[in-house]
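Undergrad: I'd like to ask some things about the structure below.
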Amino acid sequence: DAALSIPDKKVDSVCPYCGVGCQLTYNVKDNKILYVEGRDGPANHARLCVKGRYGFDYAHHPQRLTKPLIRRAGVPKRADMAMDPERVMDVFREATWEEALDLVGNRLSSIRDHYGKKALAGFGSAKGSNEEAYLFQKLVRTGFGSNNVDHCTRLCHASSVAALLEGIGSGAVSNPVMDVTKAEVVIIIGANPTVNHPVAATWIKNAVKNGTKLIIADPRRSDMDRLTHRFLQFKADTDVALLNAMMHVIVHEGLVDEQFIASRTIGYEELKHNVEGYSPELMAPVCGIDADTIRYVARLYATSKASMILWGMGVSQHVHGTDNVRCLIALALMTGQIGRPGTGLHPLRGQNNVQGASDAGLIPMMYPDYQRVDNPEAIMKFERLWGTTLDKEPGLTVVEVMHAAKEGKVRGMYIMGENPAMSDPDANHAREAMAALDHLVVQDIFLTETAYLADVVLPASAFPEKTGTFTNTDRLVQLGRQAIDPPGDARQDLWIIQQIAERMGLDWHYTDVSDVFDEMRRSMPTIAGITWERLLDEHAVTYPCTEEGDAGDAVVFTDHFPTATGKARFVPVEVIPAAEKPDAAYPHVLITGRQLEHWHTGSMTRRATVLDALEPDPVALLHPLDLERLGGKAGDLVTLTSRRGEVALYARVDEGTPVGAVFVPFCYYEAAINKLTNPALDPFGKIPEFKYCAVRLSLGGTS
Ligand code: SF4
């Protein structure tokens, strides 16, 4: 019926999935989203990928949480309990908001008062708005009383941020994705943009069509292979060997930018000395790329008029993730390939607001705008702004919180919109840790695997049900607008955070989301110039924007770096191996990641009709030779076993996955691959090694 499909309103917003930050329009009728259209945003120019265009009807899914839930007395929390949507009411009972919030406030306050402030922790969400992230971390810091607050940035680019802050004084990108169209050479390492940043990939493809030379370095071949000038399929875990060898070439062939090094950097001599031992001939057998190719790519990058590096979690999710990024920074600095259009460093951010949530202080060692929690000036500033005394020690990170919970040091947690039962490494351990808590409150839109372990579940609002700002990978602060109302008694997240704050003794008076944004501007110099009115008018403003009326700088570091000296710093690194190498018992390498149609732990996209129809089953991607050796064929069940767990998935043939490795997306609850991953951490970014651990494959199993 044509009349049924005519929208009664159109609402301009942004995509809820990846960090590209595509602008879109919701077409709504009778509080239901009918369809989505791309609009002309700076990052997408009306383009959308399959998730942005079709991944919206999760908001109307019958499994949406519509009432607060309280765990029934006597129902144990069992880490190994399979979630059964049909039997939710055997585990939980419905409650009023008043009862649920009073219980949360009382239990969290009593843990804090009895066991101390550090016995509480909070995980916020990179899917929430900047305002939600800001209020959440403020609640933990001022209501719980410690810096035990983190979110999934710890699992994606924490190592990138650590290296960038150390080297160039800023954790964000130097140039927007769109700058690939101005680059002569683009290097993409450890990223698969077609799958994970699909609209960004279209700009890269356009650039290649116009003559940009694309170099991809990755242990897995992707479909962008066909567009590359060179594809470097290096051995997994050997990033530092490859990158140090490239720097060796640049130094030895005199391709460095001496003037840039002299005027804009410190520490070059140590770096130069360090890469001396990494000749291409020595490193070729280590990384699996021949010496001539290493030389060719190094020369190309160093001598082009404008070269840009983009990277993803293939770089960051290693115990040497920070070292990998230190090498990328050094490459850009030694060649002066930064601070101009078409150059620079771009860590492709994952979630739609992981940049903004980090900026807003949802991390245990930083207040908003990366002001350190152990810096006396910053402490004084935020104590004055928030009217209370603050803890002066950095808090625990995501994985550390789970260890502390297992040991009984953390006893109460508030988790908003994250699903660590699926996303944490060694997920069985994470589930046991959460099950051991005295009190767990989970705020979400579905009964996730994490919520199943909660004492109280609070029904929250989905992305199209609220208004707020979201910061994309390009440092673009964009306005997401409410298009529909939440179902049943589900409430806006900002309201829920404030209700808990009130019950923990805080006296807040935010009447509108813009009040929160105004407070953020007062504490965050980089967005101080962005007014709410301007966001309403222009939809998106790039930071740094320090004064009202500033255009905002898309390209930064043009004449100085935001460090104490104004100069960037080289940090030399040596090769450190993965924490768990394959051996006779576990001979394969497990690499985890995402797939195009699903998002992270799948709680939204697996409930989006079109996306779930496209990719309904858990799959393991194997090289055909490995599958043949197993004696199996595509579609057979394959069981993967590591020292930490076992799951079974359907085999899919993938010539891009190297022989001896297996790639598995982490979105399938029925085959939660993070039960197998290794919680070993990068010592600087505290990021787990999701991209490398040892597993054994066998044919058969049950899924
Ligand atoms: Fe959404 Fe990312 Fe796809 Fe754009 S590229 S539509 S932001 S998922």
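Undergrad: Mind giving me the FRET efficiency for Asn206 and Val659? R0 is 25 Å, r the Cβ-Cβ distance, nearest 0.05 is fine. Don't skip to the end; give the middle numbers.
TA: Working: r = 33 Å, r/R0 = 1.34.
After rounding to 0.05, the efficiency reads 0.15.
Undergrad: Now for a separate question. Let me see the pair-distance distribution of the chain: every alpha carbon pair, 10 Å bin width, integer percents in order.
TA: 3, 15, 27, 28, 19, 7, 1, 0
Undergrad: To continue, here is another question. Figure the gain on full extension for Asp553 and Ala634 (residue separation times 0.36 nm, minus the Cα-Cα span) and round it to one decimal in nm.
TA: Values: separation 81, 0.36 × 81 = 29.16 nm, distance 4.92 nm.
Answer, rounded to one decimal: 24.2 nm.
Undergrad: Find, to one decimal place in angstroms, the Kirkwood hydrodynamic radius of segment 1-79, where the mean of 1/r is taken over every pair of different Cα atoms and then inverted. Provide the component values of the computation, followed by the final result.
TA: Values: mean 1/r = 0.0670 Å⁻¹.
After inverting the mean inverse Cα-Cα distance, the result is 14.9 Å.
Undergrad: When only alpha-carbon atoms count, how far does segment 85-139 stretch along each of its three principal axes, as whole angstroms with the largest first?
TA: 35, 32, 19
Undergrad: Something else now. Please tell me the relative contact order of segment 405-474 in percent, rounded to the nearest whole number, where contacts are Cα pairs under 8 Å and at least six residues apart. Don't skip to the answer; put the middle values down first.
TA: Details: 101 pairs, mean separation 20.3, N = 70.
After rounding, I find 29 percent.
Undergrad: Next up: Answer with one residue from Pro658, Leu681, Pro587: the one whose Cα lies farthest towards the positive end of the charge dipole of segment 563-698, charges on Cβ with Lys, Arg +1 and Asp, Glu -1.
TA: Going by the charge dipole, the pick is Leu681.
Undergrad: Let me ask you something else. Give the relative contact order (percent, whole number) for segment 1-160; include only Cα pairs under 8 Å separated by 6+ residues. Can you show the working numbers first?
TA: Numbers: 193 pairs, mean separation 19.4, N = 160.
Result for segment 1-160 is 12 percent.
Undergrad: I've got another one for you. Using only the Cα atoms, work out Rg/Rh for segment 47-127, with Rh taken as the Kirkwood radius, to two decimals. Intermediate values should be presented prior to the final figure.
TA: Numbers: Rg = 17.5 Å, Rh = 16.3 Å.
Over the Cα atoms of segment 47-127, Rg/Rh equals 1.07.
Undergrad: Rounded to a whole number of µm²/s, how large is the Stokes-Einstein D of segment 661-701 at 25 °C and 0.890 mPa s, given Rh as the Kirkwood radius over C-alpha pairs? Spell out each step's value before the answer.
TA: Details: Rh = 11.8 Å.
Once the numbers are plugged in, D ends up at 208 µm²/s.
Undergrad: With equal scatterers on the alpha carbons only and no solvent term, can you work out the Debye log10 of I(q)/I(0) for segment 102-170 at 0.19, 0.24 1/Å?
TA: -0.84, -1.05
Undergrad: Taking H as built 1.01 Å from N, whose amide H comes closer than 5 Å to the amide H of Asp374, not counting residues under 5 places away?
TA: Long-range HN contacts for Asp374: none found.
Undergrad: Can you give the Rg to Rh ratio of segment 462-558, both from alpha-carbon atoms, with Rh computed by the Kirkwood formula? Write out the running numbers ahead of the final one.
TA: Details: Rg = 15.3 Å, Rh = 14.9 Å.
Here Rg/Rh amounts to 1.03.
Undergrad: Shifting gears a bit: Tell me the Rg and the Dmax, in Å, that the Cα atoms of segment 247-354 produce.
TA: Radius of gyration, then largest Cα-Cα span, for segment 247-354: 14.3, 42 Å.
Undergrad: Right, another one. On the first, second and third principal axes, largest extent first, how far apart are the outermost C-alpha atoms of segment 364-519 in Å?
TA: Each principal axis gives a Cα extent; for segment 364-519 these are 44, 41, 37 Å.
Undergrad: Evaluate the Debye formula for segment 566-685 with equal point scatterers sitting on the alpha carbons, no solvent, and hand back log10 of I(q)/I(0) at q = 0.09, 0.15 Å⁻¹, in q order, two decimals.
TA: -0.32, -0.75
Undergrad: Where only protein heavy atoms count, and the probe is 1.4 Å, what is the accessible area per residue for the chain in Å²?
TA: 35 Å²
Undergrad: Related question: Show log10 I(q)/I(0) for segment 509-552 at q = 0.13 Å⁻¹, two decimals, from a solvent-free Debye sum over equal Cα scatterers.
TA: -0.25
Undergrad: Average the reciprocal distances over every distinct pair of alpha-carbons in segment 153-272, invert the result, and give the Kirkwood radius in Å.
TA: Working: mean 1/r = 0.0614 Å⁻¹.
Final number for the Kirkwood radius of segment 153-272 is 16.3 Å.
Undergrad: Of the accessible area of segment 593-703, with the probe set at 1.4 angstrom, what percent is carbon plus sulfur? Walk me through the numbers on the way to the answer.
TA: On the way: 2090 of 3970 Å².
Answer for segment 593-703 is 53 percent, counting heavy atoms of protein chains only.
Undergrad: On the first, second and third principal axes, largest extent first, how far apart are the outermost C-alpha atoms of segment 509-598 in Å?
TA: On the principal axes, segment 509-598 reaches 62, 40, 28 Å in Cα extent.
Undergrad: So, with +1 on the Cβ of K and R and -1 on the Cβ of D and E, and no other charges, what is the size of the charge dipole of segment 432-581 about its Cα centre, to the nearest 20 debye? Before the final figure, lay out the partial values.
TA: Values: 11 positive and 26 negative charges, 89 e Å.
With Lys and Arg at +1 and Asp and Glu at -1, about 420 debye.
Undergrad: Roughly how big is the chain's charge dipole about its Cα centre, with Cβ charges of +1 (Lys, Arg) and -1 (Asp, Glu), in debye to the nearest 20?
TA: Working: 72 positive and 89 negative charges, 119 e Å.
Approximately 580 debye in magnitude.
Undergrad: Let me ask something else. Highest mean first, what order results for 32-43, 161-172, 136-147, 244-255 on Cβ atoms within 10 Å? Before the final figure, lay out each step's value.
TA: Details: 32-43: 17.8, 161-172: 23.1, 136-147: 25.1, 244-255: 20.8.
Highest to lowest by the protection proxy: 136-147, 161-172, 244-255, 32-43.
Undergrad: Past the 24 angstrom mark, what percentage of all C-alpha to C-alpha distances in segment 53-212 do you count? Intermediate values should be presented prior to the final figure.
TA: Working: 7810 of 12720 pairs.
In whole percent, the long-distance tail amounts to 61.
Undergrad: Could you name the lysines in cross-link range of Lys686, using Cα to Cα under 20 Å and dropping any fewer than eight places away on the same chain?
TA: Candidates past the 8-residue exclusion: Lys118, Lys392, Lys406, Lys409, Lys581, Lys675.
Undergrad: What dipole magnitude, in Debye to the nearest 20, does segment 518-586 give about its Cα centre under +1 on Lys/Arg Cβ and -1 on Asp/Glu Cβ? It would help to have the intermediate numbers written out before the result.
TA: Numbers: 6 positive and 13 negative charges, 76 e Å.
Approximately 360 debye in magnitude.
Undergrad: For the chain, with the dipole built from +1 on Lys and Arg beta-carbon atoms and -1 on Asp and Glu ones, taken about the Cα centre, which of Phe382, Val140, Met246 lies farthest toward the positive end?
TA: Met246
Undergrad: Could I ask something else about it? So in the chain, what percent of DSSP beta bridges are antiparallel if you round to the nearest 5? Walk me through the numbers on the way to the answer.
TA: On the way: 45 of 88 bridges.
In the chain, DSSP labels about 50 percent of beta bridges as antiparallel.
Undergrad: Let me ask you something else. Percent of alpha carbon pairs in segment 615-703 separated by more than 23 Å? Display every interim value, and only then the final one.
TA: On the way: 796 of 3916 pairs.
Tail of P(r) above 23 Å: 20 percent of Cα pairs.
Undergrad: Tell me, what is the percent relative contact order of segment 295-428, built from C-alpha pairs under 8 Å that lie six or more residues apart? It would help to have the intermediate numbers written out before the result.
TA: Numbers: 101 pairs, mean separation 20.1, N = 134.
Taking the mean separation of contacting Cα pairs over the length of segment 295-428, I get 15 percent.
The values are calculated or read from the model by the stated rules, or taken from the named source; none is laboratory data. All values reported here derive from a predicted model rather than from experimental measurement. Ideal geometry is used to build each Cβ from the backbone, glycine not excepted, and the neighbour counts take in all protein chains shown. Heavy atoms of the whole protein, side chains included, go into the accessibility calculation; ligands, DNA and RNA do not. Shrake-Rupley method; radii C 1.70, N 1.55, O 1.52, S 1.80 Å.
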